[in-house]
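Down below is the structure, laid out as structure tokens.
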């Protein structure tokens with residue numbers, strides 16, 4: 001049985017041809033889509049980066065304008081014939097009356113002779129008295145100035161060359177413990193720190209009569225303060241903290257027992273020391289030297305009675 005196939009008309013063939021899509025065309029359409037996405041993402045990233053950059057520059061410009069406006073404001077405001085000066089304590093504890101009088105005297109002289117636009121210099125002038133720190137000067141009104149300051153409160157004594165000076169909790173070294181100069185507070189430290197300034201026995205002083213310290217010295221001072229605080233937390237009474245280059249720190253207890261703790265960290269060493277001292281006390285043993293600067297070990301040298 002034969003079937004006769006009739007050729008399709010030209011019209012039908014042209015319609016079918018229009019509906020057909022070549023493989024190469026499909027591939028190009030698919031490949032074009034990710035390309036457009038990548039291009040959009042790149043543009044978006046560039047715009048975001050540009051926005052962040054402009055935002056940062058804008059903030060800097062805004063800060064500079066504020067600084068300039070503040071300075072011009074203080075300069076333009078002419079100094080009054082009579083200043084109202086208030087001296088307050090920033091640390092909560094009221095300033096002694098004699099110190100308040102000294103600060104008032106310095107501020108009054110400065111404001112009469114100096115420019116009101118240079119109030120930042122007044123804070124340095126007051127700090128140069130050597131009794132206060134964190135001095136801030138505020139001018140709320142054209143004829144008023146408020147001075148906020150804290151008493152320097154020494155936490156430890158520290159050996160600097162031939163002098164014994166004071167060390168505060170923020171690492172400031174000042175004054176002279178021999179005549180108690182620069183220490184108007186009632187604080188009387190008893191623990192002495194030594195060795196940190198052995199390489200530089202005569203350091204310079206800044207305008208506020210503090211020792212100008214190096215970065216390395218500031219690290220050692222911070223470590224000494226941490227040892228003192230953690231010893232107190234562990235209930236360990238100490239009388240001296242000594243530093244030796246390349247070896248680290250050692251403590252001297254009231255009974256003259258020497259404790260070598262080396263370098264940081266100190267927390268677990270001092271907790272371990274507390275346990276060792278308790279154990280020795282129970283056994284009635286007095287140690288002349290305990291070394292804790294070796295990992296996981298403690299060497300104890302007993303004192304001969």
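With contacts taken as Cα pairs under 8 Å at a separation of at least 6 residues, the stretch 84-151 carries a relative contact order of 44 percent.
Beta bridges per DSSP, both residues in the stretch 154-302: antiparallel share near 75 percent.
When ranked by the protection proxy of mean other Cβ atoms within 10 Å per residue, highest first, what sequence do the peptides 125-138, 92-105 form? Kindly include the intermediate steps, with their values, before the conclusion.
Values: 125-138: 19.2, 92-105: 14.1.
Those peptides, ordered most packed to least, come out 125-138, 92-105.
Protection proxy ranking for 149-161, 222-234, using the average of other Cβ atoms within 10 Å per residue and placing the highest first: 149-161, 222-234. Compactness of the stretch 144-199, taken as the C-alpha radius of gyration over 2.2 N^0.38 Å, stands at 1.26.
A short reminder: the numbers here are calculations on the coordinates, not readings from a lab. Only a predicted model underlies this, so the values are computations on that prediction, with no experimental measurement involved. Cβ atoms come from the backbone with ideal geometry, glycine included; neighbour counts cover every protein chain shown.
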